[in-house]
Amino acid sequence: MATKKRVDSWVVTDDFWQRVEPLIPVRERATEKVYLRKPGAGRPPKPARQVFEAIVYVLRTGCQWKALPKERFGSASAVHKRFLEWEKAGFFEAIWKAGLAEYDQMQGIAWRWQSIDGAMFKAPLAQEAVGRNPTDRGKKRGSKRHLLVDGRGVPLSIIVTGANEHDVTQIEAVLESIVVKRKAPPLRRNNHLCADAGYRGKKAMTVILTHGYIAHVVDRSKDAEEQRRDPEKKARRWVVEVCHSWFNRFRKLLVRYEKLERSFLALNHLAAAIIAYRKVPLCVNIIYG
């Protein structure tokens with residue numbers, strides 16, 4: 001019996017590309033700029049799919065932009081230039097929103113039990129949204145990803161700050177950055193927010209209640225102890241930590257080498273889109289790896 005051929009995680013399938021292609025920004029000539037060449041002259045731009053595949057390759061493998069295989073993707077600088085153009089046009093956030101929309105349509109966003117948490121990582125070259133890592137005696141430069149996820153761990157909000165920014169100071173920014181709108185739940189008991197002890201405090205509680213949540217702020221040790229006492233009890237907050245581990249599978253995000261905040265955030269948006277699409281219940285797996 002023939003075994004099914006494995007497809008590498010950085011491959012963009014036809015089904016995935018069909019969802020991405022309509023969102024590709026249209027390149028327009030700036031009206032205020034004086035061009036030396038006539039329209040259509042010079043070297044034609046790279047095909048959009050080739051550029052997108054190169055970006056996914058960098059995100060998945062963690063290679064440097066200039067280390068992109070030239071025989072497959074051509075000029076790395078041209079790819080990176082298009083990446084920045086697409087980021088400026090909001091392309092990567094648009095893919096994330098599209099993935100959440102399809103996930104919501106096919107599965108339904110699990111709004112009832114949401115979870116929030118931050119995770120630190122090294123950022124040796126970062127010039128923005130970077131700070132001293134408090135867990136390493138302030139020696140290392142680092143950044144922090146703050147996530148809000150639904151009950152299945154699908155990311156609904158992402159912000160990036162310096163590693164020295166405490167979780168509790170960013171809770172309002174995270175809740176204000178949810179990229180999809182939710183209809184107001186008919187009952188307040190349908191809107192819970194789970195967090196660890198880092199979100200304790202009067203100010204954080206005020207923010208949580210103002211946004212209409214029922215707060216579940218529990219120390220991690222107590223959470224683990226309750227889980228040991230009652231293995232049948234369904235974990236709620238742990239899904240956000242699982243989501244952080246999903247982001248770490250994208251090797252470009254494991255250690256931040258992007259200098260600019262907007263570049264790094266765009267890569268996070270693309271990773272969030274892939275995570276959302278992987279949760280869409282389809283007969284064909286459009287995302288591999």
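The values are calculated or read from the model by the stated rules, or taken from the named source; none is laboratory data. Treat the numbers as computed from the prediction; the structure is a model and nothing was measured. Because the Cβ atoms are built from the backbone with ideal geometry, glycine has one as well, and the counts that use them run over all protein chains shown. Quick note on the areas: whole protein, heavy atoms, side chains included, nothing else; ligands and nucleic acids left out. Shrake-Rupley method; radii C 1.70, N 1.55, O 1.52, S 1.80 Å.
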Once you list every other residue whose beta carbon is under 13 Å from the beta carbon of Gly162, what net charge do they have if Lys and Arg are +1 and Asp and Glu are -1?
+3
Tell me, what % of the accessible area of segment 57-97 is carbon and sulfur with a 1.4 angstrom probe?
50 percent
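Among 149-161, 52-64, how do they line up by average Cβ neighbours within 10 Å per residue, starting with the highest?
149-161, 52-64
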Name the residue farthest towards the positive end of the dipole of segment 67-204 from the options Phe121, Leu100, Leu148, assuming +1 on Cβ of Lys and Arg, -1 on Cβ of Asp and Glu, about the Cα centre.
Phe121
Among residues other than Val242 whose Cβ falls under 13 Å from its Cβ, what is the net charge (Lys/Arg +1, Asp/Glu -1)?
+3
Arrange the peptides 267-280, 84-97 so that the one whose residues have, on average, the most other Cβ atoms within 10 Å appears first.
267-280, 84-97
